[in-house]
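Below: the structure, in structure tokens.
The values are calculated or read from the model by the stated rules, or taken from the named source; none is laboratory data. This one's a predicted model, so the numbers in the text were calculated from it and none came from an experiment. FYI the Cβ positions are ideal-geometry reconstructions off the backbone, even for glycines, and counts take in every protein chain you see. For the accessible areas, the whole protein counts, side chains as well, though only heavy atoms, and no ligand, DNA or RNA atoms are used. Shrake-Rupley method; radii C 1.70, N 1.55, O 1.52, S 1.80 Å.
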Amino acid sequence: GGENNEGGYAYYSEEMSRNKLDLLRIETGLMHAFEYDELLLYYQPKVDMHTGIVTGAEALVRWQHPERGLLLPGEFIPIAEETGLIVQLSDWVLNAVCTQARAWKEAGLPPVRIALNITAREFTRSLPDRVRAAMSRYQLDGEWLELEITESMLMHGTDRVIAIMEMVCNLGLTISLDDFGTGYSSLSYLKRFPINTLKIDRSFTMGIPEDTNDCAIASAIIGIAKQLRHKVIAEGVESEQQLQFLKDAGCDELQGYLFSPPVPAQKFHEMLMSGKRL
Ligand code: C2E
Ligand code: CA
Ligand code: CA
Ligand code: CA
């Protein structure tokens, strides 16, 4: 090894300490974010394929950073997971969603399901209690709420997972299987879980209509959903061609920039009020 290698090493360790510093900065920043109310939720509508009516929304967290502007979850969720702050963040999200749903309820809106993204770490036996407590604190029915969990969570202790899901369903919530097709769940036991909806991952939607594999996978997922009597929604729908393909294939709902990006609560409220259709 010569000078080049040494130079490379120096550069590498500099990079590493910079990353550690970034991580620390984000960690302390995130602790402040709770204190100073810098987190907020955006809502992305879910739309009925046939009527164009908004059936619900997915709540997506944002961080209004004092120096860096509006941060997307990709910039802080992984760090929140690594540092354990995800527990506090998830609690914040649950309360924020319920606060908002309660406000919409008081404004006289009929119930729309607001979906929360649940991490593997949160999917424990205490989850149904947390949800129940929030529902009673905000006096909300389960028909205002939905959970989005990922396929990989089904793998860890089937009976335990089913028990948690059943408790959640008994509260009136629905459950969506997020990013479907990217995990490795065995189709044969999919039917054992009380799931309401399969959500086709954006990586497949993206390839429609050019990529024949993606088209085949999307069609197959829709077929599986029909067989198991689940609803099926496609995420990341951006074009009319994708819409047309998914419609012909029998998809029930869609979500994506073609209809609306994630928007602030007020804007979503206006969408609901205007009865806007796709
Ligand atoms: P996800 O659950 O798969 O959410 C969908 C992501 O795709 C969102 O990114 C959304 O803004 C984006 N998206 C929606 N429609 C389109 C489209 O037509 N085209 C493209 N290119 N993108 C689209 P976002 O908001 O950056 O969230 C990223 C991920 O962060 C989410 O992926 C989810 O896994 C996680 N996340 C977001 N909010 C929360 C939260 O409150 N709690 C937890 N645990 N995770 C969250
Ligand atoms: Ca999701
Ligand atoms: Ca997703
Ligand atoms: Ca996805």
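Quick notes
- Screening the chain for whole DSSP H helices of 27 Å or more along their axis (Cα) with average Kyte-Doolittle hydropathy at least -1.0 returns 3-35, 86-106.
- This model, with +1 at the C-beta of Lys and Arg and -1 at the C-beta of Asp and Glu, gives the chain a dipole about its Cα centre of some 1180 debye.
- Inverse mean reciprocal Cα-Cα distance (Kirkwood Rh) of the range 158-219, Å: 13.1 Å
- Cubic angstrom per residue, convex hull over Cα atoms of the range 43-167: 143 Å³
- Remark: the range 53-109 is approximated by an ellipsoid whose semi-axes, taken from the C-alpha gyration tensor as √(5λ), come to 26, 14, 11 Å, largest first.
- Kirkwood analysis of the Cα pair distances in the range 128-278 returns a hydrodynamic radius of 16.7 Å.
- Antiparallel DSSP beta bridges within the chain, percent to nearest 5: 45 percent
- Averaging over all projection directions, the Cα-based convex hull of the range 69-141 occupies 5.8 nm² in the image plane.
- A straight Cα-to-Cα reach below 16 Å connects residue 247 with the lysines 46, 199, 226, 231, residues fewer than 8 places away in its own chain not being considered.
- Leading residue at positive end of dipole, the range 171-226 (Cβ point charges), from 198, 171, 188: 171
- Compactness of the range 187-254 as Cα Rg over 2.2 N^0.38 Å, two decimals: 1.05
- Per residue, the accessible area of the range 7-134 comes to 52 Å², computed with a 1.4 Å probe over protein heavy atoms only.
- Euclidean distance between Cα centres, the range 215-268 to the range 21-56, Å: 21 Å
- For the range 158-278, the fraction of 1.4 Å probe accessible surface lying on carbon and sulfur atoms is 51 percent.
- 5 Å binning of all Cα-Cα separations within the chain, expressed as whole percents from 0 upward: 1, 5, 11, 14, 16, 16, 14, 9, 6, 3, 2, 1, 1, 0, 0
- 23 Å tail of the calculated P(r), the range 101-210, as % of Cα pairs: 33 percent
- Most positive-pole-ward Cα, 161, 144, 93, against dipole of the range 25-170 from beta carbon charges: 144
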